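Novice: Could you have a look at this structure, given as structure tokens, before my questions?
None of the figures in this text is laboratory data; all of them are computed from the coordinates on show. This is a predicted model, so every value here is computed, not measured. As a convention, Cβ positions derive from the backbone with ideal geometry for all residues, glycine included, and neighbour counts pool all protein chains shown.
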Amino acid sequence: MIILKTFLGLYLFWFFFLAVMSLYRAHLNKTISKLALVLGYPILIVGASLDCLMNLTIFSLVFLEFPHEWLVTKRMQRHIKDGEGWRFKLSTFICQSLLNAFDAEGKHC
């Protein structure tokens, strides 16, 4: 049961990432309407809150360390910058497989 909850939490986290990146892309392209922006604010707030929560809980277990930063991406960027070890490999895999393609600028990590 805990594995299912963890998977669902990670999936929900990725879902919010996709939503936030969609809003950010529209913002960068200057195509977001005021209505979409207003409706998007709760998504941004929930997404940022979920990011912090996931970083403090699930990703602390995934990376077997307490976070030094508030956001999961910042943690993975630190591991990628280090350039070695299993945390580097895991961070690189997550970024390349799930995040970079959906980032508004094409390189999330």
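Novice: Pick from the range 61-79 the residues that are among the β-branched types (Val, Ile, Thr) and within 11 Å of His108 (Cβ to Cβ): which of them is surrounded by the fewest Cβ atoms within 10 Å (Cβ to Cβ)?
Specialist: Checking each candidate, the answer is Thr73.
Novice: Given the structure, is Asn100 over 18 Å from Thr6 (Cα atoms) and touching a Gly at 6+ places or on another chain (Cβ under 7 Å)?
Specialist: yes
Novice: Would you be able to say whether some residue in the range 88-101 is part of a loop (DSSP other than H, G, I, E, B), out of contact with any Lys or Arg (no Cβ under 6 Å at 6 or more places or on another chain) and among the aromatic types (Phe, Trp, Tyr)?
Specialist: Checked against the condition, which is being part of a loop (DSSP other than H, G, I, E, B), out of contact with any Lys or Arg (no Cβ under 6 Å at 6 or more places or on another chain) and among the aromatic types (Phe, Trp, Tyr), the range 88-101 yields no hits at all.
Novice: What tally of residues in the range 60-87 results from selecting those that are over 24 Å from Tyr24 (Cα atoms) and in a helix (DSSP H, G or I)?
Specialist: Total satisfying the criteria: 9.
Novice: Residues of the range 1-46 being assigned to a helix (DSSP H, G or I), charged (D, E, K, R) and exposed (fewer than 14 other Cβ atoms within 10 Å of the Cβ), which ones?
Specialist: Residues satisfying the conditions are Lys5, Lys34.
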